[in-house]
Amino acid sequence: MYDTEIGGQTTSHSANRTMADSAPASHQICIEHTFETAHRLPHLQGKCTSLHGHSWRVTVSVVAPALSTDGTVVEFGVLKTGVRRWIDAHLDHGTMLGVRDPLAVHLYTAGSKVFRFGAHSCETVDDAELLATDLPWPTVEAVAVLLRRVSQSVLIALPCAPEARVGRVFVRETHLNTATYGPAAAS
């Protein structure tokens, strides 16, 4: 307990009460990773129709209404390892293209790492591409959706707090261009 004095009156307060006690609270952790990947967006106008690369940065948040018995939302190390392993295997130092992009076949047959957006099960070279079946092109927005799906698939295989889930995924394509994907903010 602690006391405050306002206008000559002393009021006692419980030390563990805050102004926001009436608002629902949750715990959140975030991990980050960077990767180098090229892409192109031939369906759009402008300079992104050419093949070009970025130094991408992703921030993944995991939220839970309560902590696990060991006092965590999820252990940072195992979550980071799982998300980083997927990104490094499928995206880092590779090229992201739409399945209908004619460059995809040429780069793949030349031995380059290619991750194709919009590929269906009969068209995939790698089952990981099925996470982006409904995403036709590798826009920064689509990459945020993909990496949230990846993060959720990693999270469900890990010991974590009850009701832990991936919250927002923030993807930075350049120092000026970003996209966020996750649950809609409460209104």
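Would you work out which of Pro102, Leu41, Pro24 lies farthest towards the positive end of the dipole of the chain? Charges go on Cβ: Lys and Arg +1, Asp and Glu -1.
The listed residue farthest towards the positive side: Pro102.
Normalising by the residue count of the chain, find the relative contact order in percent from Cα pairs under 8 Å and 6+ residues apart.
22 percent
Pick from Phe117, Phe170, Phe35: which is most flexible by mean-square fluctuation in a GNM of the chain where alpha carbon atoms under 10 Å apart are linked?
Among Phe117, Phe170, Phe35, the largest GNM mean-square fluctuation belongs to Phe35.
For the stretch 100-154 and the stretch 63-85, what is the separation of their Cα centres, given in Å?
26 Å
Angle check, please: helix 76-90 long axis (alpha carbons) against the longest principal axis of the chain (alpha carbons), in degrees 0 to 90, nearest 10.
That works out to roughly 20 degrees.
Only bridges whose two residues both fall in the chain count here: according to DSSP, what percent of them are antiparallel, nearest 5?
Counting DSSP beta bridges with both partners in the chain, the antiparallel share is about 80 percent.
Give the angle, between 0 and 90 degrees and rounded to the nearest 10, that separates the Cα long axis of helix 140-155 from the longest principal axis of the Cα atoms of the chain.
The angle comes out at about 70 degrees.
Which net charge results for the neighbourhood of Ala89, defined as the other residues with beta-carbon distances under 13 angstrom from its beta-carbon, given Lys and Arg at +1 and Asp and Glu at -1?
Once all neighbours under 13 Å are counted, the net charge is -2.
Where does the charge balance sit around Glu123 when Lys and Arg score +1, Asp and Glu -1, over other residues with C-beta under 13 Å from its C-beta?
Residues close to Glu123 contribute a combined charge of -2.
Whenever you get a sec, compute what percent of the accessible area on the chain sits on carbon and sulfur atoms (1.4 Å probe).
In the chain, the share of accessible area belonging to carbon and sulfur is 54 percent.
Mark the label point 7 Å from the Cα of Asp70 along Cα→Cβ and return the residues of the stretch 149-181 whose backbone N is within less than 12 Å of it.
Correct set: 158-161.
Less than 13 Å Cβ to Cβ from Ala179, Lys/Arg counted +1 and Asp/Glu -1: what total charge do the surrounding residues give?
+2
Expressed in nm to one decimal, what extension gain is obtained for the pair Thr178 and Cys122 from 0.36 nm per residue of sequence separation less their Cα-Cα distance?
17.0 nm
Between Gln152 and Ala23, what length in nm is gained on full extension when 0.36 nm per residue of separation is reduced by their alpha carbon distance?
The span from Gln152 to Ala23 would gain 43.8 nm if fully extended.
The values are calculated or read from the model by the stated rules, or taken from the named source; none is laboratory data. Predicted model, so just to flag it, every value in this text is computed and none were measured. Cβ coordinates were reconstructed from backbone atoms using ideal geometry, including for glycine residues, and neighbour counts include every protein chain displayed. In case anyone asks, the SASA skips ligands and DNA or RNA and just uses the protein heavy atoms, side chains included. Shrake-Rupley method; radii C 1.70, N 1.55, O 1.52, S 1.80 Å.
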